[in-house]
Structures are given as C-alpha cells and as structure tokens.
Amino acid sequence: MMNRLHALFHRPERGWDPVPCEYAREYAERVWQQFDYQLLDAVERWTDGFAGKEILDLGAGPGQFAVAFAQRGALVTWYDVSRNYLCIAQQKAKEAGVDITFVLGYMDEAPRLLHKQFDLVFNRVCFYYGWNDFLFAKVIYQLIRPGGYACIEANNSTFGWDRLSLTARFRTWLNATLGIKIGHPHPPRGRIPAAFLRYPIKQMLVEYPEPHLDRIFVQKADQAS
Ligand SMILES: C[S@@+](CC[C@H](N)C(=O)[O-])C[C@H]1O[C@@H](n2cnc3c(N)ncnc32)[C@H](O)[C@@H]1O
C-alpha cells in the first residue's frame, strides 16, 4: 500500500530515478567485473538452454545478465525502474553487439506494460523492491509462460541485520510477521517459495548458497495460464 502510493507520485517516465548516477556507475563496474558465471550456467541447465528462449530480466540494473543471456542466443527484455541503469545497459549491449528490448518501469507494473509472458523470468537481488512479497510473487508468476521458468536470487531478512537501524528492524519484523511492507525490507527465508506454492507449479528447487541468500527456481505448470 505504502510502496504503491510512493510509486504513484514517483514516475520513471517523468524522469524520477531512485539510483543516483555515480552509484549506478560504481555498482555496474563491480558487477560487470565480478560476473557470476556459476549462476548463469546453473540457470541455463535448469531451463534446458537459452537459445531461442524469450527471457525477461526483471530489475536488470546494469544489464550484465541480460547481455549474457543474449550472447547465449536468447531474446531478451531488460526491465528496470532506473534510467541511469538503462543508459549503462544500453551501452553494454551495444559494445557486446547484441539486440535487447529495453523497458523502463516498476517491476510490479511489468504485466501491464509488457502484455506478454516469457520462457524465463530472471530476478536477481531485487525481489525486495516489490511492493508486497506475496503480490510480487504473483506478478512474476503471471509473467511466466505455461511450462516456463522463474529464477529468483534474493537476500533474506538476515541480510545485514547487524547494520540495520531499529526502525529498519521493525519494518523487517512487520513484513515477516504481518506481511505489512513499508519500504524495502528483505523477505524472511521461506516466504518466496511459500508464495509460489499458492499457484500451480510443476517443480521448484530452493537453494541456500549462503546464510543470507536464497535461490529459487520455479517451473510453472504446463496447463496454467
Ligand atoms: C541490487 S540491483 C540488482 C540489479 C541486477 N538484477 C543485478 O543482478 O545486478 C537492484 C535493481 O532493482 C532496480 N529497482 C529497484 N526498485 C525497482 C522497482 N520498483 N521496479 C523496477 N526496478 C527496481 C534498481 O534500479 C536496480 O537496478
């Protein structure tokens, strides 16, 4: 509710950008340099290859995965709320010589803005920017084609706990216990799988690569819409 209201008055199409230019530049440099090939390979194995698949990189930031998917033969849509990241990702795609579709918008508005479903929805370290954990899982589910996949890598609510202010801890608790989300608290471990289990799925794999990091692979049921 609070996050939805905020979005009503802060519109990317009117020039609003939550990510300052300098921060975007520094983050981009870091993640492009330390690219996670292990994750890329794991997703490719899980989805039975990228070639010819339509992939949505939801919350794609500087585009390192979007470009990698395209280099492996996928038809990629980059989607993010930040124009600063859009510029960086466009430049990276140009340098790599790949064609990518770029769409600026809030992740929660993606079904309305994109009007289509994908073979794979990829969502890395930005699940917590969804307006509500359960509703955002529904958004991702809607964007997957029947029989298609989602891969979500997300920090859980233990992430950076020691550094959180009292208010941030309270907001994390509020989200974890009552599902009331103010700002962007990380979801409690287990919430994302639980959210997807509300819908028809074919299979799900949950990995905990680190104590604060959860990785969820979901395949949507063939008959689901
Ligand atoms: C930590 S970065 C992750 C970027 C990329 N997925 C990666 O793996 O490096 C979080 C991203 O979420 C985007 N973001 C934050 N809130 C968003 C929202 N409500 N809708 C769309 N994108 C959002 C930011 O612009 C940023 O690109």
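The values are calculated or read from the model by the stated rules, or taken from the named source; none is laboratory data. Keep in mind that what you see is a predicted model, and the values were worked out from it rather than measured. Don't worry about glycine lacking a Cβ; one is built from the backbone with ideal geometry, like all the others, and counts go over all protein chains shown. These accessible areas exclude ligands, DNA and RNA; they are computed on the full protein's heavy atoms, side chains included. Shrake-Rupley method; radii C 1.70, N 1.55, O 1.52, S 1.80 Å.
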Could you give the accessible area per residue of region 2-220, probe 1.4 Å, as a whole number in Å²?
49
Arrange the residues 206, 76, 81 by how much accessible surface each exposes, largest first, with a 1.4 angstrom probe.
206, 81, 76
Heavy-atom accessible surface of region 2-220: percent carbon and sulfur, 1.4 Å
54
Could you list which residues have their amide H under 5 Å from that of residue 60, counting only those 5 or more apart in sequence or on another chain, with H placed in the peptide plane?
79, 80
Scanning the chain for chymotrypsin sites (Phe, Trp or Tyr not before Pro) in DSSP loops with at most 15 other Cβ atoms within 10 Å, what's the longest stretch left with none?
36-225
When we measure straight from the Cα of residue 138, which aspartates and glutamates land under 14 angstrom away, once same-chain ones fewer than 8 places off are left out?
108, 109
With the charge dipole of region 2-220 built from beta-carbon charges (+1 for Lys and Arg, -1 for Asp and Glu) about the Cα centre, the Cα from 182, 34, 110 projecting farthest to the positive end belongs to 182
Mind listing the long-range amide H neighbours of residue 144? Cut-off is under 5 Å, sequence gap 5 or more, other chains count too, H placed in the peptide plane at 1.01 Å from N.
118
Rounded to whole Å, give me the distance from the Cα center of region 87-139 to that of region 1-73.
7
As an exercise, identify the trypsin sites (Lys or Arg not before Pro) in region 123-225 lying in DSSP coil whose Cβ has no more than 13 other Cβ atoms within 10 Å.
198
Would you please give the residues with an amide H less than 5 Å from that of residue 76, counting only those at least 5 places away or on a separate chain, with H modeled from the backbone geometry?
55, 101
At q = 0.15, 0.17, 0.19 Å⁻¹, what base-10 log of I(q)/I(0) does the Debye formula yield for region 30-143 when every alpha carbon is treated as an equal point scatterer in vacuo?
-0.60, -0.78, -0.99
Local electrostatic count at residue 152 - Lys and Arg +1, Asp and Glu -1, tallied over other residues with Cβ under 10 Å:
0
For region 163-216, take the convex hull of the Cα atoms, compute a quarter of its surface area, and give me that in nm², please.
4.5
Going through 92/220; 53/92; 53/220 one by one, the pairs whose alpha carbons sit over 25 Å apart turn out to be 92/220
For region 2-220, what mean projected area does the convex hull of the alpha carbons give, in nm²?
11.6
A student asked for the Cα radius of gyration and Dmax of region 1-45 in angstrom ought to give 16.1, 41
